[in-house]
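This report refers to the structure that appears directly beneath it.
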Amino acid sequence: MIVLGIESSCDETGLAVYDSGSGLRAHVLHSQVEVHAEYGGVVPELASRDHIRYLLPLAEKVMQQAEVRLDQLDGIAYTAGPGLIGALMSGAAVARSLAWALGIPAVEVHHMEGHLLAPLLESDAPEFPFVALLVSGGHTLLAYVESIGSYEIIGQSLDDAAGEAFDKTAKMMGLGYPGGPILAKLAERGRQGVYRFPRPMTDRPGLDFSFSGLKTYALNTWMQDHLITEDQDQLRADIARAFEEAVVETLLIKCRRALEQSACNRLIVAGGVGANQRLRDQLQQMAKKKQFTVSFPRLEFCTDNGAMIAFAGCLRLQAGQCQPLDIDARARWPMDDLLPVGEQ
Ligand code: KG4
Ligand code: ZN
């Protein structure tokens with residue numbers, strides 16, 4: 001089965017062609033960073049307009065790169081939520097219209113299911129069941145994954161998502177957008193031990209997260225010290241380092257707890273913050289020590305992309321799932337509402 005995947009939930013237009021026989025055939029991505037940079041964050045209306053501009057040219061490009069003709073497609077998968085409603089509708093409209101014109105099925109994909117399944121695109125894909133840590137700009141959650149489509153949420157953020165906390169912390173120190181990668185780069189120059197930030201909600205049982213207080217802690221540190229510090233760049237780097245260490249250690253503690261509670265020894269990590277090198281290195285070290293396996297998607301498939309949508313959609317189409325022709329998208333969509341795909 002050959003499936004075209006379309007991702008347009010936020011500030012990236014991603015398209016890919018996935019073939020159930022030979023794997024990923026091609027993927028292309030257009031990032032809107034330049035469109036939103038001057039506003040310091042995503043402007044929803046500009047995002048929708050940019051998606052409209054790029055969706056069709058990118059569809060043509062990815063089909064060429066995959067060396068697949070339109071009449072060879074068996075289905076079209078698109079992100080139907082959660083995300084920015086205008087951005088989602090742009091992708092949904094293109095996906096459904098193309099499916100209608102070609103007389104093939106279209107299938108809705110849950111954005112977070114896309115992220116969660118992205119590590120399965122790699123050659124060292126883990127077997128089920130596993131614990132998944134999803135860390136993106138909009139979500140931070142831990143799920144116990146029995147099989148595709150069967151997601152038990154065992155922990156989640158009560159306020160800011162981890163990526164959101166990275167972005168807001170970077171913004172308040174006058175760094176650009178998106179803040180996560182910029183802060184992570186800066187943290188490399190930060191000195192260890194200059195600051196120690198709290199590890200929120202780790203001193204009590206449970207798997208929930210809270211990153212809002214940590215962001216405020218960073219803000220207070222910056223407000224207090226930037227007036228009395230000469231080397232502001234070094235101060236920013238030291239705060240970035242302390243912030244990153246606190247987020248990473250908090251995530252590590254909760255992952256270890258989740259594995260213990262679920263009596264599971266396989267972990268997967270997905271979502272934009274999964275691209276964070278400190279998180280990847282430290283989880284790998286902990287996995288060696290505590291004897292569990294940890295799998296990540298390649299870096300480019302941690303952040304938003306079309307490949308994860310084409311892949312997740314292909315699995316659902318193969319299970320006989322698709323949706324009627326009306327164009328639908330959801331700004332909010334609880335992941336535990338999803339239909340299981342069947343026994344894996
Ligand atoms: O998954 P994603 O592309 O979009 C959402 O579904 O939200 O994640 C984007 C988030 C942003 O908050 C971004 O700052 C963060 O992931 N991010 C990172 C890194 N790369 C992206 N955070 C920390 N370190 C990184 N290297
Ligand atoms: Zn995402």
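Data overview
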{"item": "Check on residue 303, on the phi < 0 side of the Ramachandran plot and modelled with pLDDT of 95 or more", "result": "yes"}
{"item": "Residue tally, condition more than 16 Å from ligand 2 (Cβ to nearest atom) and farther than 23 Å from residue 234 by Cα, over segment 151-193", "result": "6"}
{"item": "Any hit, segment 149-159, residues being open to solvent by less than 20 Å² (accessible area, probe 1.4 Å), more than 10 Å from ligand 1 (Cβ to nearest atom), under 21 Å from residue 296 (Cβ atoms) and assigned to a helix (DSSP H, G or I)", "result": "no"}
{"item": "Checking residue 237 against (1) assigned to a helix (DSSP H, G or I); (2) surrounded by fewer than 22 Cβ atoms within 10 Å (Cβ to Cβ); (3) in contact with a strand residue (DSSP E or B) (Cβ under 9 Å, 6 or more places away or on another chain), the condition it does not meet", "result": "(3)"}
{"item": "Sole residue being within 12 Å of ligand 1 (Cβ to nearest atom) and on the phi < 0 side of the Ramachandran plot, chosen from 135, 131, 145", "result": "135"}
{"item": "Index of the failed condition, residue 90 passing every other in (1) out of contact with any Gly (no Cβ under 8 Å at 6 or more places or on another chain); (2) outside the structural domain of residue 49 (by TED's automatic domain parsing); (3) away from ligand 1 (no atom under 16 Å from the Cβ)", "result": "(2)"}
{"item": "Selection within segment 258-278 - open to solvent by 10 Å² or more (accessible area, probe 1.4 Å), in a helix (DSSP H, G or I) and either closer than 16 Å to residue 162 by Cβ or without any contact (Cβ under 8 Å) to a residue 24 or more places away in the chain (or both)", "result": "260, 272, 273, 275, 277, 278"}
{"item": "Answer residue from segment 193-217, given it is among the polar types (S, T, N, Q) and assigned to a loop (DSSP other than H, G, I, E, B) and is farthest from residue 153 (Cα to Cα) among those", "result": "202"}
{"item": "Meets criteria (at pLDDT 95 or above, in contact with a strand residue (DSSP E or B) (Cβ under 9 Å, 6 or more places away or on another chain) and among the acidic types (Asp, Glu)) for residue 71", "result": "no"}
{"item": "Test result for residue 323, over 17 Å from residue 78 (Cβ atoms), surrounded by fewer than 19 Cβ atoms within 10 Å (Cβ to Cβ) and either at pLDDT below 95 or away from ligand 2 (no atom under 16 Å from the Cβ) (or both)", "result": "no"}
{"item": "Residue among 58, 29, 84 that is closer than 27 Å to residue 136 by Cα and touching a Pro at 6+ places or on another chain (Cβ under 6 Å)", "result": "84"}
{"item": "Boolean, residue 295 is of a type in the set (Ser, Thr, Tyr) and open to solvent by less than 20 Å² (accessible area, probe 1.4 Å)", "result": "yes"}
{"item": "Options 313, 274; residue that is within 14 Å of ligand 2 (Cβ to nearest atom) and either under 19 Å from the mean Cα position of the chain (by Cα) or not assigned by TED's automatic domain parsing to the domain that holds residue 136 (or both)", "result": "274"}
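The values are calculated or read from the model by the stated rules, or taken from the named source; none is laboratory data. In this text, all values refer to a predicted model and were calculated from it rather than measured experimentally. Neighbour counts run over all protein chains shown; Cβ positions are idealised from the backbone, glycine included. Just so you know, the surface numbers come from the protein's heavy atoms only, side chains and all, with ligands and any DNA or RNA stripped out. Shrake-Rupley method; radii C 1.70, N 1.55, O 1.52, S 1.80 Å.
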